[in-house]
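Let me begin by presenting the structure, written as C-alpha cells, before commenting on it.
Each reported figure results from applying straightforward, stated rules to the coordinates on display, with no laboratory input. Note that the structure is predicted; figures quoted are calculated from it, not measured. Please note: Cβ atoms are built from the backbone with ideal geometry, for glycine as well, and neighbour counts cover all protein chains shown.
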Amino acid sequence: MVMATLITAEIQRFDPSHDSEPRFERFEVQGDKNMRVLDVVRSIYETQAPDLAYQFACRIGRCGTCGVRVNGVPVLACQESSKPFMRIEPLSPFRVIRDLVIDRAEVEDRYASLHFAPKRNKAHPREAEPVEPALAEEICHMDRCITCMVCVSACPAVKQRAFDGPAFMLKLRQMAKHPADHGHRLEQALEGGLLECFGCDLCTQLCPTDLDPAGAIREFRRELLLGRGRK
Ligand code: SF4
Ligand code: SF4
Ligand code: FES
C-alpha cells in the first residue's frame, strides 16, 4: 500500500499582462510518494488553481516541454519525483509567458539559425550512406536530445557570460561528427561562446536523457588545441 503524504508546493505565478513582479502561491496536496512533480502541478490545476499555466505533452520524458526548476534545480516535471516541499519555478533564464510556461521561440530561432542538418558539399546520393557503426551509434545517441533546456537552465556560464549554452554545443558537436557535414561547426561553437564554459559538468549531471554536453564541449576544445578541421 502506498502511504498518503502531504505535499506543499509553492508555485511561481506571473502574468506579465497584469503583474509587475512574480510572486509565489502556496498549495497543499494530499499525495503519495509515487507522484511526479507534474502530477502535483496537474492536481493543483485541477482542484485548486484552474488558471495555473503550465506545459506538458507526452508525460514520458520525450517531448521536452515540461521543464521547471524545483527547489532551484532544473528538472523534467514528468520524470522528477515529488518532494514534501517544493518551490516550483519556470526554467530560467527564459522569458516567462505565464506562470510556469516559458517562451521557447528564442530557442527555436537559435536552433534554426545554427542549421542543425548536415551541410553537404554535394547532393545526397539518394541511397544509404555508409557510416562506421560506432560513429553511427554515437551520432544516434546524441540525437536523443529533446531540447528540454534543463542543461541551459543549470549552466552557471549562461547566467554570467555571452554563451548560448550546452544544448547548442552538443548539437553542433553532433553535426561536426557527421561524415557528410561540411559546416564550420567549431567556428560556430566559438561564436556561440564555447570558451565561456567553466567545465563544471552540471549540464551532463542533470541531463534527463543521459547525454554529455560537457563532454561535447571538451571535444571541441581538444579539436581547437589539435588543429581546426579535425573531428
Ligand atoms: S542535452 Fe539533455 S538537458 Fe540539454 S536540452 Fe538536450 S536533453 Fe535537455
Ligand atoms: S560544463 Fe560548461 S556548459 Fe556545462 S553547465 Fe558547466 S559551464 Fe555550463
Ligand atoms: S511531458 Fe514530455 S518530457 Fe515531460
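Counting other C-beta atoms within 10 Å, which of MET175, MET35, MET3 has the fewest, and how do the rest follow? The partial results should precede the final answer.
On the way: MET175 22, MET35 18, MET3 7.
With the sparsest Cβ surroundings first, the list reads MET3, MET35, MET175.
Among ALA134, ALA216, ALA105, whose mean-square fluctuation peaks in a Gaussian network model of the chain (Cα, cutoff 10 Å)?
In the Gaussian network model the winner is ALA134.
Return one quarter of the surface area of the convex hull spanned by the alpha-carbon atoms of region 94-231, equal to its mean projected area, in nm².
9.2 nm²
How would VAL158, VAL107, VAL68, VAL152 line up from fewest to most surrounding beta-carbon atoms within 10 angstrom?
Working: VAL158 23, VAL107 18, VAL68 29, VAL152 26.
Ranking VAL158, VAL107, VAL68, VAL152 by Cβ neighbours within 10 Å, fewest first, gives VAL107, VAL158, VAL152, VAL68.
What nm value, rounded to one decimal, do you get for the distance between ARG26 and ARG110 when each label is placed 7 Å out toward the C-beta?
Here the modelled spin labels are 3.6 nm apart.
To make sure I understand, if each residue's beta carbon is the centre and we count other beta carbons within 10 Å, what order do ASP103, ASP164 fall in, fewest to most? Could the numbers behind the result be given before it?
On the way: ASP103 13, ASP164 23.
Listing ASP103, ASP164 from fewest to most nearby Cβ atoms yields ASP103, ASP164.
Against the longest alpha carbon principal axis of the chain, how many degrees, from 0 to 90 and to the nearest 10, is the axis of helix 213-226 turned?
Roughly 30 degrees between the two axes.
Please give the contour-minus-distance gain from GLU10 to GLU46: 0.36 nm per residue of separation, less the Cα-Cα distance, rounded to one decimal in nm. The partial results should precede the final answer.
Details: separation 36, 0.36 × 36 = 12.96 nm, distance 1.60 nm.
Additional length available on full extension: 11.4 nm.
Express the Stokes-Einstein translational diffusion coefficient of region 94-165 in µm² s⁻¹, to the nearest whole number, given a Kirkwood radius over alpha-carbon pairs, 20 °C and a viscosity of 1.002 mPa s. Kindly include the intermediate steps, with their values, before the conclusion.
Details: Rh = 15.5 Å.
Result for D is 138 µm²/s.
Beyond 33 Å, how much of the Cα-Cα pair distribution for the chain remains, as a whole percent?
Numbers: 7132 of 26565 pairs.
Percentage above 33 Å: 27.
Under the rule of at least 5 residues apart or a separate chain, name every residue whose amide H is placed under 5 Å from the amide H of ARG36.
SER82
Test of understanding: in a Gaussian network model of the chain with alpha carbons linked when under 10 Å, which of VAL101, VAL73, VAL150 would top the mean-square fluctuation ranking?
Per the Cα network of the chain with a 10 Å cutoff, VAL73 tops the list.
Among the lysines, which have Cα under 25 Å from the Cα of LYS83 when same-chain residues fewer than 8 positions away are ignored?
Partners found: LYS33.
How far is helix 37-47 tilted off the main Cα axis of the chain, in degrees rounded to 10, range 0 to 90?
So the inclination is approximately 40 degrees.
Quick one: Debye curve from the alpha-carbon atoms of region 53-136 only, equal weights, vacuum; give me log10 I(q)/I(0) at q = 0.25 Å⁻¹ to two decimals.
Normalising to I(0) and taking log10 leaves -1.26.
Mind giving me the nanometre distance, one decimal, between the label points for ASN121 and HIS141, set 7 Å out from Cα along Cα→Cβ?
2.9 nm
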